[in-house]
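Single-structure report; data block below.
What follows draws every value from the coordinates through simple rules; no lab data is involved. None of these values were measured; they are calculated from a predicted model. No Cβ is skipped: glycine too gets one built from the backbone with ideal geometry, and neighbour counts run over all protein chains shown.
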Amino acid sequence: MLSKSYGLLNFLNRSHGPAFRHGVGAAAWAGTLAVTGRPSIATLVRHQFVDDETKYAFRLAGWVLRRGWPKVETVTDDFFDFTQGAEPADLDALEGFIRWRRAALPEHLWRADDLFVRAARIHAQLDAGATDVEDLRDDFVARADELLPLISAPHGSDAPSAGERQGDFSVEDARTALADLATALPVDEWRWYVISGTFLGIVREGGFLAHDYDIDVGITFDPEHPEVMDAMIEALRRSPRYVVKKVDDAQSVVETSPGRYAVRRSLALVKLIHENGINVDVFVHHREGDVLWHGSSIHRWENHAFDLAEHELAGIRVLGPADSDRYLTENYGDWRTPVTEFNCTTGTPNLVITRSFRSVALFLTRLAHFAHGDPAEYEKLRATLVADGLLRDDGGVLRLARVI
């Protein structure tokens, strides 16, 4: 089984040439067809390779191998939403595959996978303009409540340690990527700032964290000038050093009237890949009263709104939160103690569960994984989900308290 490392992620993040994409895509198509017997799933995997979505493609292929008859663990990746990019016909094929493999899989696994498919169907309906998804919602809740008794308490012992990860983050590549970002988006003009682990590195280590994987920066959304975000993305697209890999929205499902639902979207994340393979996440921060939040289609992290101050990272002038202790304490709790294997779900006290069906499916899948392999992480995530109001403890059995 492959170990997660900066080198591996660097390879997966890079753009690859046509020969690699089509060659590996063809091999993946044949392998996926042999494992699943479903051309639709095989084509879904191949398209990801051909479209240069290498990281996602390998994750999807890995999910097929874990769930299929080979039962091969290529890499630990139990929190993967395998329904991304799937059309309705693909969802039918994925659901059929899960049913076919049901008897060969632990019950909590196939129920969690089944929940992902049902969440994807609801979001597909909402994205197509439907508002009446009450029947699908009720079915989703019922399926979640069938999964929860299986994961209401931890089972088994702690997961075996993979050993301490070596600090292999390339500081030289990171500095180059940061300098090129400052060229593409001059900080005095765009007022972007370093956040999360990148900012932690400045305060605690005086530089990049040796165990990091990427660079995290933020920029604050101005509702009076939303066009600025389009201009920023265009400026990044013009950079000869970067590829804009993905533009992601924060998605929340709201009940617009009894039994009627809609998806509200806010620009959340611009994912960049530098030519040297460094990943840079530009998180768009939104202000709501005294709260400044950022996230993705699944996650949301909240901080007290903060002022900016000048900092230096690898000899480059950057901006960052002025009150570093408050910011880092909100993000990490005890931020002064180094952690080499960090979990962005259980290691961030300021996490708020996004109100969406996909998010619920993902967090219940994470809870199921921890319940059957990592009791310490299980207890932390269970407490988070109960405190958030997503779950309630019904006499020792967890129940879904809300979806949105």
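So what is the 222 nm mean residue ellipticity for the chain from helices alone, if each DSSP H run of at least 4 adds -39500 (n - 2.57) and you divide by all residues, rounding to the nearest 500 deg cm²/dmol?
Calculated mean residue ellipticity at 222 nm is -13500 deg cm²/dmol.
Once you order the gyration tensor axes a ≥ b ≥ c over the Cα atoms, which shape class does region 34-132 get: rounded for a/c under 1.5, otherwise prolate or oblate by comparing a/b with b/c?
Taking the square roots of the gyration eigenvalues as a ≥ b ≥ c, region 34-132 is oblate.
Taking 7 Å along the Cα-to-C-beta vector as the label spot, tell me the Glu288-Thr329 distance in nanometres, rounded to one decimal.
Between Glu288 and Thr329, the label points sit 2.4 nm apart.
Looking at region 62-107 from every direction and averaging, what is the projected area of its Cα convex hull in nm²?
For region 62-107, the mean projected area of the Cα convex hull comes to 3.4 nm².
Return the distance in nm (one decimal) between the two label points of a simple spin-label model at Ala401 and Arg99, each offset 7 Å from Cα along Cα→Cβ.
It is 3.5 nm.
Under a 5 Å amide H to amide H cut-off, with H placed in plane at 1.01 Å, what residues pair with Phe169 once short-range neighbours are removed?
Result for Phe169 returns Asp212.
Which of the three applies to region 236-325, rounded, prolate or oblate, going by the alpha-carbon gyration tensor with a ≥ b ≥ c and a/c under 1.5 meaning rounded?
Note, shape of region 236-325 comes out oblate.
Which whole-Hz ³J(HN,Hα) couplings does region 90-96 yield from phi under the Karplus relation 6.51 cos²θ - 1.76 cosθ + 1.60, θ = phi - 60°, glycine and proline marked x?
After applying 6.51 cos²θ - 1.76 cosθ + 1.60, I find 5, 5, 4, 5, 5, 5, x Hz.
Restricting things to alpha carbons, tell me how big the chain is in terms of Rg and Dmax, in Å.
Gyration radius and largest Cα-Cα distance of the chain: 21.3, 59 Å.
Relative to the present Cα-Cα distance, how much length would full extension add between Thr131 and Val203 at 0.36 nm per residue of separation?
Full extension from Thr131 to Val203 adds 21.2 nm.
Quick one: check the C-alpha center-to-center distance for region 50-90 versus region 230-303, whole angstrom.
If you average the Cα positions of each part, the centres end up 23 Å apart.
Describe numerically, in nm with one decimal, the distance between label points set 7 Å from Cα along Cα→Cβ at Lys71 and at Glu227.
6.0 nm
Taking the chain as a Gaussian network, where each spring joins two C-alpha atoms under 10 Å apart, which residue of Pro149, Pro106, Pro186 fluctuates the most?
Highest fluctuation among the options: Pro106.
What number do you get for region 171-340 when its Cα radius of gyration is normalised by 2.2 N^0.38 Å, N = residues?
1.06
For Thr256 and Arg191, calculate 0.36 nm times their separation in residues minus their Cα-Cα distance, and state this gained length in nm to one decimal.
Taking 0.36 nm per residue and subtracting the Cα distance, the gain is 19.8 nm.
Can you grab the distance from the C-alpha centre of region 26-45 to the C-alpha centre of region 327-404, Å, no decimals?
34 Å
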